[in-house]
Amino acid sequence: MTKTTKSLREDPVRHIVWRGSRLDVLDQRLLPRRVKYVSCRTAADVAKATKDMVLRGAPLIGCAAAYGMALAARRNRLKDVLAAEPVLRRARPTAVNLMHALDHMLAVARNGDERSLSKRMSAAAVRYYRDDLAYNETMALLGAKLLKKGSRVITHCNAGALATAGIGTAVGMIRAGFLTGKVSHVYPCETRPYLQGSRLTLWELMQAGIPATLITDNMAAHLMKTRKIDAVIVGSDRIAANADVCNKIGTYGLAILAKHHGIPFYVVAPSTTVDLKTPTGERIPIEERSSAEVVSVLGAPIAPKGARAHHFAFDVTPHRLVTAIVTERGVVAPADGRTLKKVLSHR
Ligand code: MRU
């Protein structure tokens, strides 16, 4: 094991803890002010925690759903698993990792003796989680190689340990970059309206001792123009077959800005985020959440009473604006459908 790999494995975040008969979930809505866990004893509890953003981030949503299916299998009845699956599937529409995990767990459920259902599903969920953890590490090391020494980078939302089973996707690449001298400073965008950037990513970066300075979402253009920014690094919730990238609202704007300023734009995402069944980004369902989450911040109203507001949770970045997509199977560059399929065929 190299020194970098060892350091990447230190201090994993205990954001979901599998206890066999329940899944304890760190309530990310309260971070960084409070550390509190919510216990999920049924698949419906996991679906609710996902919908309500107690847990979030595409790969973690997939892992939690896998555990949700294992909870549904506790009585060794296939019909319970089949009933739980659509409940989990409806939890959030955009992150395809959720659908991937459910398809995988359904296949496990159907493929074997019903008497061993609970045991098989529990083992499969643990494996699913461990696989994501390993993907993170591989992507981090691959991605860091793309950066030049001492890079100053912008990231968006939280594509870190709190969003995955391991060290994160975009933040994993940043962590590996920092450990190898490739990253010198990080600017996380605060990421309205849920503030994943300020509450979660900055918290993770500070804990890892990585120099970071918070910016509001509307400061990115000014920063790119006036300071030296060497790369933008983000995660993804779904990548279409033509390599269009769906990620947290605001990502598309960052990609346009990066193109204008000649700054490389990297996307880091495991193969479980790729949806080859969806031909282009235009066909990706974009979650629209309650406007109440926009007209108030941390419970405090910030708009006139009765104000209307849009709450698009994600946007799509056309693949032409993406420099490279880093997956655990290799780097997709140029970011187009042909290269994506070719890289995904590597095992
Ligand atoms: O609404 P969220 O917080 O679930 O959105 C998360 C993101 O958009 C992340 O950037 C994405 O899931 C990549 S996570 C490794």
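The values are calculated or read from the model by the stated rules, or taken from the named source; none is laboratory data. These numbers were taken from a predicted model, which means no experiment stands behind them. Cβ atoms come from the backbone with ideal geometry, glycine included; neighbour counts cover every protein chain shown. Side chains are part of the model used for accessible areas, which takes the heavy atoms of the whole protein and leaves out ligands, DNA and RNA. Shrake-Rupley method; radii C 1.70, N 1.55, O 1.52, S 1.80 Å.
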Subject >> Rounded to the nearest 20 debye, dipole of the chain from Cβ charges on Lys, Arg, Asp, Glu >> reply: 420
Original post:
Assuming a viscosity of 1.567 mPa s and a temperature of 4 °C, what translational diffusion coefficient in µm² per second does Stokes-Einstein assign to region 3-136, Rh being the Kirkwood radius over Cα pairs?
Top reply: 87
Original post:
Around Thr339, what is the net charge, scoring Lys/Arg as +1 and Asp/Glu as -1 over all other residues with Cβ under 15 Å from its Cβ?
Top reply: +3
Subject >> Formal net charge of residues neighbouring Gly57 (Cβ-Cβ distance under 11 Å; K, R +1; D, E -1) >> reply: +1
Subject >> Reference-scaled alpha-carbon Rg (2.2 N^0.38 Å with N residues) for the chain >> reply: 0.95
Subject >> Expected 222 nm ellipticity per residue - DSSP helices of 4 or more, -39500 (n - 2.57), all of the chain, to 500 >> reply: -11000 deg cm²/dmol
Original post:
Taking the DSSP beta bridges in the chain as the whole, what percent of them are antiparallel, to the nearest 5?
Top reply: 55
Subject >> Near-label residues of region 221-245 by backbone N, under 12 Å of a point 7 Å along Cα→Cβ of Leu276 >> reply: 241-242
Original post:
What is the P(r) of region 247-347, as percent of Cα-Cα pairs per 5 Å bin from 0?
Top reply: 2, 12, 17, 19, 15, 12, 9, 7, 4, 2, 0
Subject >> Sequence-distant residues sharing a close amide H with Ile249 (under 5 Å, placed H) >> reply: Phe314, Asp315
**OP:** Using per-residue counts of other Cβ atoms within 10 Å, averaged over each peptide, order 238-248, 174-184, 81-91 from highest down.
**Re:** 238-248, 174-184, 81-91
**OP:** Order these peptides, 299-307, 266-274, 22-30, 95-103, by their mean beta-carbon neighbour count within 10 angstrom, highest first.
**Re:** 266-274, 95-103, 22-30, 299-307
Original post:
Once you charge only the Cβ atoms, +1 for Lys and Arg and -1 for Asp and Glu, what is the size of the charge dipole of region 3-136 about its Cα centre, to the nearest 20 debye?
Top reply: 300
Original post:
With labels modelled as points extended 7 Å from the Cα through the Cβ direction, what inter-label distance (nm, one decimal) is found for Lys228 paired with Leu106?
Top reply: 5.2
Original post:
What Rg and what Dmax come out for region 137-344 when only alpha-carbon atoms are used, in angstroms?
Top reply: 16.4, 52
**OP:** Output ³J(HN,Hα) for region 197-209: one whole-Hz value per residue in order, computed from phi by the Karplus curve 6.51 cos²θ - 1.76 cosθ + 1.60 with θ = phi - 60°, and x for Gly and Pro.
**Re:** x, 6, 7, 10, 5, 4, 4, 5, 5, 5, 5, 7, x
**OP:** Once you've got the Cα coordinates, tell me which of Lys149/Lys248; Lys48/Lys145; Lys145/Lys248; Lys225/Lys248; Lys51/Lys79 are over 32 Å apart.
**Re:** Lys48/Lys145
**OP:** Let me know the Kirkwood hydrodynamic radius for region 71-222, please, with Cα pairs as the basis and the value in Å to one decimal.
**Re:** 17.4
Original post:
Taking amide H positions as placed 1.01 Å from N in the peptide plane, with prolines and chain starts having none, which residues 5 or more places from Gly235, or on another chain, fall under 5 Å of its amide H?
Top reply: His156, Ala170, Val268
**OP:** Counting only heavy atoms of the protein chains, get the accessible area per residue of region 1-100 (1.4 Å probe) and round it to a whole Å² value.
**Re:** 46
Subject >> Proximal aspartates and glutamates to Lys148, defined as alpha-carbon separation beneath 14 angstrom and excluding residues fewer than eight positions away on the same chain >> reply: Asp230
Original post:
Near Met224, within a Cβ-to-Cβ distance under 15 Å, what is the net charge of the other residues, with Lys and Arg +1 and Asp and Glu -1?
Top reply: +3
Original post:
Applying the Karplus parametrisation 6.51 cos²θ - 1.76 cosθ + 1.60 with θ = phi - 60° to the phi angles of region 295-306, what ³J(HN,Hα) value in whole Hz is obtained for each residue in order, glycine and proline being reported as x?
Top reply: 7, 9, 10, 6, x, 9, x, 10, 9, x, 3, x
